[in-house]
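Below: one structure, written as structure tokens.
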Amino acid sequence: MQVIDRVDGFRKELDAARVAGRTVGLVPTMGYLHEGHASLIRRSAAECDVTAVTVFVNPLQFGAHEDLASYPRDLDRDVAIAEDAGAVLVFAPAVEEMYPGGPVLTSIHVAAVSEGMEGASRPGHFDGVATVVAKLFAIAGPCRAYFGEKDYQQLAVVRRMAADLSLPVDVFGCPIVREADGLAMSSRNVYLSPEQRAAATVLHRALEAGAAGLAHSTDLAHSTDLAHSSDVMAAVVASESLVHLDYAEVIETDHEYRLLIAARVGKTRLIDNLGVAKFFDAGSEASGSISTESRLRRDAD
Ligand code: PAJ
């Protein structure tokens, strides 16, 4: 396992691997790795000859009042987890190495996909994500890159950016890894007190309740069903006094409904989502009404 903190050194290692005919898989992270990250690394290691993990808490994607300064960090532990999951390289640059001239003047904005939900609650966030991911792709030149469905809208933003800019990388989405009680794993879960940690399971409970309503319909759900489903989610979250809902939405794509939720528990902001497959009768697809939100997943899978 090699740990590299220089852009040049990282680029050279992966260029050499490709020249030798090896496929490169990239797993971008902000560190403080958990089993969710490890699942992406394992998938990359299974599918690619060389797996590189990046650990970089990207200032560009944090708002002024967000948790950049307190974001949890433990590089030694991250390196051990990455190695155990099959990575051979960890790239962990300092902020000055990634942004030597200070804040970048060039920014990538993925219109439409970045709007609403996380984009509405965290202005500028997805520009920061798209810019750093484009930069990491430019440095690493990966063949394949792995992202979690946990950050569903982020995955859509990255896919769309890679497609629009014809970046030489295939982007893969991986399922959400959860704790035994349903809480989606997140580096930010460490912020939660025991009481908050128990209350935080309400996000997953709300998604399950919202999904139950939709799952009843064997045909296409109507917009009233979708609105009802987000009301159900909101009501479940309202039953937990420690948790404050940011949004609960249902979007429709070609093959599924996706329920998405964001909430605050104390100062900690958590997000989660759940997919509900559509059950089409033969020929019914043509009559299926696809909402404008399908743009989020048009390039999916
Ligand atoms: P971070 O939050 O560290 O997440 C890194 C990757 O791990 C993302 O693709 C995320 O979706 C995935 N991930 C996180 N928790 C997961 C879980 N419980 N199950 C499955 N996958 C999970 O997302 C970022 O970092 C940053 O925005 C980044 C893309 C690195 C750009 O800075």
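Couple of notes before you dig in:
- By average C-beta atoms within 10 angstrom, highest first, the peptides 54-64, 23-33: 23-33, 54-64
- With Cα atoms, 0 to 90° folded angle of helix 202-215 axis to the chain main axis: 60 degrees
- Rounded to the nearest 0.05, the FRET efficiency derived from the C-beta distance between Ala234 and His109 at R0 = 41 Å is 0.85.
- The alpha carbon radius of gyration of the chain, expressed as a multiple of 2.2 N^0.38 Å, is 1.02.
- Inter-probe distance in nm under a simple model that places probes 7 Å from Cα toward Cβ, at Arg73 and Val3: 1.2 nm
- Global geometry of the range 1-66, whether rounded, prolate or oblate, following the gyration tensor of its Cα atoms and the 1.5 cut on a/c: oblate
- Average projected area [Cα convex hull, the range 2-174], square nanometres: 9.4 nm²
- Per residue, the chain exposes an accessible area of 46 Å² to a 1.4 Å probe, with every protein chain left in place.
- Gaussian network model of the chain, springs between alpha carbon atoms under 10 Å - residue of Leu68, Leu40, Leu203 with greatest fluctuation: Leu68
- Efficiency of FRET between Ala198 and Asp225 - r from beta-carbon atoms, R0 41 angstrom, step 0.05: 0.85
- Cα gyration tensor shape for the range 157-269, rounded if a/c is under 1.5, else prolate or oblate: oblate
- Equivalent ellipsoid, the range 89-216 (semi-axes from 5 times Cα gyration tensor eigenvalues, Å): 30, 19, 15
- Between the range 5-60 and the range 110-184, the alpha-carbon center distance in angstrom: 15 Å
- Per-residue 3J(HN,Hα) values for the range 170-181, derived from phi via the Karplus relation 6.51 cos²θ - 1.76 cosθ + 1.60 with θ = phi - 60°, read 9, 9, 10, x, 10, x, 6, 9, 10, 5, 4, 8 Hz in sequence order (x marks Gly and Pro).
The values are calculated or read from the model by the stated rules, or taken from the named source; none is laboratory data. Fair warning: this is a prediction, and the values are worked out from it, not measured in the lab. Cβ sites come from the backbone with ideal geometry, for glycine too, and all protein chains shown count toward neighbours. These area figures cover heavy atoms from the full protein model, side chains too; ligands, DNA and RNA do not enter into them. Shrake-Rupley method; radii C 1.70, N 1.55, O 1.52, S 1.80 Å.
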